[in-house]
1. Report yes if some residue within the range 174-190 is more than 20 Å from residue 85 (Cβ to Cβ) and open to solvent by less than 20 Å² (accessible area, probe 1.4 Å); otherwise report no.
2. Filter the range 154-163 down to the residues that are in contact with a strand residue (DSSP E or B) (Cβ under 9 Å, 6 or more places away or on another chain) and open to solvent by 30 Å² or more (accessible area, probe 1.4 Å) and list them by number.
3. Taking the range 128-141 only, how many residues are over 29 Å from residue 27 (Cα atoms) and either buried (at least 21 other Cβ atoms within 10 Å of the Cβ) or modelled with pLDDT of 95 or more (or both)?
4. Check off (1) in a loop (DSSP other than H, G, I, E, B); (2) in contact with a helix residue (DSSP H, G or I) (Cβ under 8 Å, 6 or more places away or on another chain); (3) not aromatic (Phe, Trp, Tyr) for residue 81 and give me the number that stays unchecked.
5. For the range 61-78, which positions are part of a helix (DSSP H, G or I) and more than 20 Å from residue 32 (Cβ to Cβ)?
6. Test residue 90 against the stated conditions and say whether it is surrounded by 14 or more Cβ atoms within 10 Å (Cβ to Cβ), hydrophobic (A, V, I, L, M, F, W, C), over 24 Å from residue 165 (Cα atoms) and touching a residue at least 24 places away in the same chain (Cβ under 8 Å).
7. Six or more apart or on different chains, Cβ under 8 Å: which pairs go from a residue in the range 175-188 that's modelled with pLDDT of 95 or more to one that's of a type in the set (A, V, I, L, M) and surrounded by fewer than 18 Cβ atoms within 10 Å (Cβ to Cβ)? Could you list them?
8. Against the definition (under 30 Å from residue 165 (Cα atoms), under 22 Å from the mean Cα position of the chain (by Cα), in a strand (DSSP E or B) and among the hydroxyl-bearing types (Ser, Thr, Tyr)), how does residue 40 come out, yes or no?
Amino acid sequence: MRLLVPGSSGLTPLVELDDALLYAAYAPARSPWLRCNMVTSLDGSATGGDGRSGSINDPADHVVFEVLRASADAIVVGAGTVRAESYPPLSVAASLLALRRGHDLDDALPLVVVSNRGAVPPTVAGHSDGSVLLAVPERSDGLDAARASLGDEHVIVCGADEVDLRILVEQLHDRGLTRLLTEGGPGLLGSFLAAGLVDELCFTVAPRVVGGDHPRPVGVAGVPIELELALLVEQDGTLMGRWLTRR
């Protein structure tokens, strides 16, 4: 993997990036920090023909994907995406644990599922050890069942009729989870952008065309924002970059 645009990383252009250099290049600018990581085809599709983002991922994207997770305190994902992509409780790649520990981050990587209905996705149901948190509104039909499945302390109530993302972020910060990474889906990312909560967008541009009618990486709730390119890396034709939001 080679560095095309170093931005403020302090690295040399065209240098080959190993795990340690890539981890440093993607380090959050400060804490607290909230960023997304999304993949898109060259023609702007967030999924492949099967309706899953995994079908347009490739090995290069997976490397950055794991580095971004290893740099985060928690991963925030919409319940629909958890179901569609069959998310399990998460862990950090073993090869990146030493780097993570060197930056005073815990080994644990909680998955924060955002659900307006309060329905716990099947792949994470029953995990009451803190590996899964559920963000729900106060009036969600599934609130009691969610508490029974995950434990009271692992269900975060934020908002009345729908999840208030500002309150969610505040409550995660109160738990010491200040470096947040959202992996979407597009609807949740759009809502984060509309709320003015996103510091950075990490996008992978896969070298393929999907065609057809598929969702874009940012949902309809997203608002226009100006971005500044902070980093660009490439491997086998796949482009991966960091764009900072201009506040």
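The values are calculated or read from the model by the stated rules, or taken from the named source; none is laboratory data. This one's a predicted model, so the numbers in the text were calculated from it and none came from an experiment. Because the Cβ atoms are built from the backbone with ideal geometry, glycine has one as well, and the counts that use them run over all protein chains shown. Surface accessibility is based on the protein's heavy atoms, side chains included, excluding ligands, DNA and RNA. Shrake-Rupley method; radii C 1.70, N 1.55, O 1.52, S 1.80 Å.
1. No, the conditions are met nowhere in the range 174-190.
2. 157
3. Qualifying residue count, the range 128-141: 6.
4. (1)
5. Going residue by residue through the range 61-78, those that are part of a helix (DSSP H, G or I) are 61-70.
Correct list: 61, 62, 63, 64, 65, 66.
6. No.
7. Matching pairs, first to second residue: 179/105; 187/220; 187/221.
8. In short, yes.
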